[in-house]
Amino acid sequence: MGSRGPEPATLPQWDDFWRSGRIVSCPTDETDGYTGNVRKVWEQFFAALPAGARLLDVGTGNGALPLIALEAAANRSVAFELHGVDLARIDPRRVVPDGQRLFGDTVFHGGVRAEAMPFADGYFDAVTGQYALEYTQQEAALREIHRVMAAHAPARFVLHHASSIVVTTAHESLAHARDLEERAAAFSDLREYVAAERTDADRAARLHARMVERIAYLHRLSAQSKGSQLLADVLRALGKLFELRQRVSPAEFEQAVDRSYRAFKAGEQRLREMIDAALNEPAMRRIADQARATGFRDVRFAPLIQDADILVGWQLDMRSASISDAAGSNP
């Protein structure tokens, strides 16, 4: 099967994230994966698929939904043919710990746009996606998804809700990021201190005192957070850099700081993209209308609630049309 459409642009902010081996970018708790009601939503979907079903996961990342699908299939002693596509350059079998075993025969297609996928018409018996469809050119993506689906095949998507805890936490994380750079100047402080440590002990002592005070402020801010992990992650990275400074050359240290800073800025970019992609109810209604215009049937959506009445997204369900349905919808 050849590729369709032009070569996609690279997504370094996502390429780097998925190379970390993380399973999901928006976990539902401390576990690196989906839990609670979000997981149940997917378990129920996969439990309803027939043995041998061909399943496509759009925006698969490091394969969180294929992992749930594989477990659901194993519980029934059946098998699915699983494919995952993502615009990022993913390779879950290599980067996820024990990925070769975990993913079995799952096929991942990195650098593939949802708007132009390398699959035959009507190939898939079901399509899924979590926090994926909202990042696409939705009208074109829905047409392409419908094209690759068999008649009457089900599709389920979970999308970012503009009022969800995930998006609220993203706003908090961006505020923390501003504090980290503008008020605490954490990365520049570390660079200044390490340079002075080699040449001017008195200045290094003053810088160290200032750095300790600012880092203490960031730790207090992190402790007060109810959901944001950004500060905790960056503080851990800064601590590792501080320990590294005496074990490597100045040039190697600068390279390490640059890598950590790029990772921090990439995280900021992902948060902004999430906030921009999140959907209020009118926007969700427009997607549902686009799906119906594309030929999907039984289109319905509702807020998705995680344990303890926590809003985590929108759930969108629909079915592809039969050939006769599609023909009947055209004038």
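Against the definition (under 22 Å from PHE17 (Cβ atoms) and either at pLDDT below 95 or in the same structural domain as SER320 (by TED's automatic domain parsing) (or both)), how does ASP105 come out, yes or no? No, not satisfied. Here ARG206 clears all of (1) surrounded by 19 or more Cβ atoms within 10 Å (Cβ to Cβ); (2) farther than 30 Å from ASP289 by Cα; (3) of a type outside the set (S, T, N, Q) except the condition numbered (1). So, TYR123, is that one more than 23 Å from the chain's Cα centre (by Cα) and in the same structural domain as SER25 (by TED's automatic domain parsing) or not? Yes; evaluated as a whole, the condition is true for this residue. The residue of region 210-263 that is modelled with the highest pLDDT, among those that are charged (D, E, K, R), exposed (fewer than 13 other Cβ atoms within 10 Å of the Cβ) and not in a helix (DSSP H, G or I), is ARG247. Listed here are the helices (runs of 4 or more DSSP H) enclosed by region 42-153 that have at least 2 residues being out of contact with any Phe, Trp or Tyr (no Cβ under 8 Å at 6 or more places or on another chain) and closer than 16 Å to LEU316 by Cβ: 138-147. Among the conditions (1) modelled with pLDDT of 95 or more; (2) in contact with a helix residue (DSSP H, G or I) (Cβ under 7 Å, 6 or more places away or on another chain); (3) within 20 Å of GLY99 (Cα to Cα), the only one that TYR34 does not satisfy is (1). Among the residues here, ALA195 does not qualify as surrounded by fewer than 16 Cβ atoms within 10 Å (Cβ to Cβ) and among the aliphatic types (A, V, I, L, M). Is there a residue in region 323-331 that is hydrophobic (A, V, I, L, M, F, W, C), buried (at least 17 other Cβ atoms within 10 Å of the Cβ) and in contact (Cβ under 8 Å) with a residue 40 or more places away in the chain? Looking for residues that are hydrophobic (A, V, I, L, M, F, W, C), buried (at least 17 other Cβ atoms within 10 Å of the Cβ) and in contact (Cβ under 8 Å) with a residue 40 or more places away in the chain, one finds none in region 323-331, hence no. Within the set HIS152, HIS146, the sole residue that is crowded, with 17+ Cβ neighbours inside 10 Å, within 15 Å of THR294 (Cα to Cα) and at pLDDT 95 or above turns out to be HIS146.
Which pairs do you get when a residue that is small (Gly, Ala, Ser), found in region 278-295, comes within reach of a residue that is in a loop (DSSP other than H, G, I, E, B), reach meaning Cβ atoms under 8 angstrom, with the pair 6+ apart or on two chains? Partner pairs satisfying both residue conditions: ALA278/HIS160; ALA278/ALA162; ALA278/SER164; ALA283/ALA162; GLY295/SER320; GLY295/ALA321; GLY295/SER329.
For region 68-82, filtered to residues that are among the aliphatic types (A, V, I, L, M) and surrounded by fewer than 24 Cβ atoms within 10 Å (Cβ to Cβ), the residue that is nearest to GLN100 (Cα to Cα) is LEU70. Taken over region 128-137, the residue count meeting the criterion of being in contact with a helix residue (DSSP H, G or I) (Cβ under 6 Å, 6 or more places away or on another chain) and surrounded by fewer than 24 Cβ atoms within 10 Å (Cβ to Cβ) is 1.
Put simply, of ALA177, ALA201, ALA140 the only residue that is surrounded by fewer than 21 Cβ atoms within 10 Å (Cβ to Cβ) and over 29 Å from LEU11 (Cα atoms) is ALA201. In the set ALA140, ALA177, ALA209, which member is within 30 Å of VAL299 (Cα to Cα) and among the small types (Gly, Ala, Ser)? When all the criteria are applied, what remains is ALA140.
The values are calculated or read from the model by the stated rules, or taken from the named source; none is laboratory data. Just so it is clear, the model here is predicted, and its values are computed rather than measured. Note that we place each Cβ from the backbone using ideal geometry, even for glycine, and neighbour counts take in every protein chain shown.
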